[in-house]
1. What is the angle, in °, between the Cα long axis of helix 203-217 and the longest principal axis of the Cα atoms in the chain? Nearest 10 is fine, range 0 to 90.
2. Looking at segment 206-284, which GluC sites (Glu not before Pro) are in a loop (DSSP not H, G, I, E or B) and have at most 12 other Cβ atoms within 10 Å?
3. Rounded to the nearest Å, what's the spacing between the alpha carbon centres of segment 243-263 and segment 172-231? Just the number, please.
4. Rounded to the nearest 0.05, what FRET efficiency do S113 and N2 have when you use their Cβ-Cβ distance and R0 = 41 Å?
5. In a shell of Cβ-Cβ distance under 13 Å around M163, excluding M163 itself, what net charge do Lys and Arg (+1) and Asp and Glu (-1) give?
6. To check you understand DSSP bridge types, tell me what percent of the beta bridges within the chain (both residues inside) are antiparallel, rounded to 5.
7. Please list the equivalent ellipsoid semi-axes of segment 189-279, computed as the square roots of five times the alpha-carbon gyration tensor eigenvalues, in descending order and whole angstrom.
8. What is the chain's relative contact order, in percent, from Cα pairs under 8 angstrom and six or more apart in sequence?
Amino acid sequence: MNLIVATKIEEVRTQVRTWKQQGLTVGLVPTMGYLHEGHASLVDKAVSLCDKVVVSDFVNPTQFGPTEDLDAYPRDFDRDCALLEEHGASLVFHPSVEEMYPQGAATFVEIQSDMPKALCGKTRPTHFKGVCTVVSKLFNIVTPDKAFFGQKDAQQLAILRRMVRDLSYGIEIVGCPIVREADGLAKSSRNTYLSPEERQAALCLSKAVFLGQDMAEKGERDADKIVSAMTETIQAEPLARIDYVTAVDGVTMETIHRIEGPVLVAMAVYIGKTRLIDNFIVEG
Ligand code: AMP
């Protein structure tokens, strides 16, 4: 196996130092494991743009709320390694919680604006503080030239772009398109929670996304009309419960009503107990 498995921060630093001394560029793909083709697409992109690709595989406790699915979150490290090897990653970083958060760790990175309070932040108020903190730590450990994130988590991507700008990280953030199942459902590690009946019901998210996208492509510029039509599509599914369906400015995440610049139309929907997200972007 060519893939290097590292569980300690120091191992990663030593390996990356060696690569940099050889003049090689390094890409980072942060993940929480239980990898699927969505993650693989980020690795492929990273491999195409960087000499060496580091993938972190870490279920980050600080981004889960007290009543969320931290313990239940699916894990299969051996399968993840096989996928990463197949896609040409160079190193997987799989630390313990203690390695990442030593006893007494009390320093966090947080964007102090409304950005992390919008959309997913309404029901997950501490989520993006956990994300920014762990990604900052990974940036400090790996010191990548580029880091790769999915458009699937659009608010996360916007927040991390802001963090990199605000803290002068000097790392290029590369956003990658959403990878979907053949029937449209956005790939997610959380899809494994769905019963067969719920899996079918979950199609209401992508159905709503495709409907909204189609309206925007046909020239609709009234964002409220698009959101209403999408909301109706989801409400027609008895197993679905909407957390939010909203159109926001693509950079600031502030609610908008007319599409003028780049707009993110995003949703979070509970299918049974499982909370799923999906979105699309209108370039404006
Ligand atoms: P996660 O393991 O869910 O934290 O995701 C790790 C990275 O993979 C994030 O940047 C996600 O946005 C990205 N990702 C997850 N699912 C998909 C997908 N279906 N398509 C593209 N990227 C994805």
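1. Once rounded, one gets 70 degrees.
2. For GluC sites (Glu not before Pro) across segment 206-284 that sit outside H, G, I, E and B with at most 12 neighbouring Cβ atoms in 10 Å, the list reads E254, E260, E283.
3. Taking the Cα centre of segment 172-231 as reference, the centre of segment 243-263 is 16 Å away.
4. Computed FRET efficiency for S113 and N2 comes out at 0.45.
5. Value of the local net charge: +3.
6. Looking only at bridges with both residues in the chain, the antiparallel portion is about 50 percent.
7. The equivalent ellipsoid of segment 189-279 has semi-axes of 25, 13, 10 Å.
8. Result for the chain is 17 percent.
The values are calculated or read from the model by the stated rules, or taken from the named source; none is laboratory data. Small disclaimer: the values here were computed from a predicted structure and weren't measured. Glycine gets a Cβ as well: all are built from the backbone with ideal geometry, and neighbour counts include every protein chain shown. The accessibility values were calculated without ligands, DNA or RNA, using every heavy atom of the protein model including side chains. Shrake-Rupley method; radii C 1.70, N 1.55, O 1.52, S 1.80 Å.
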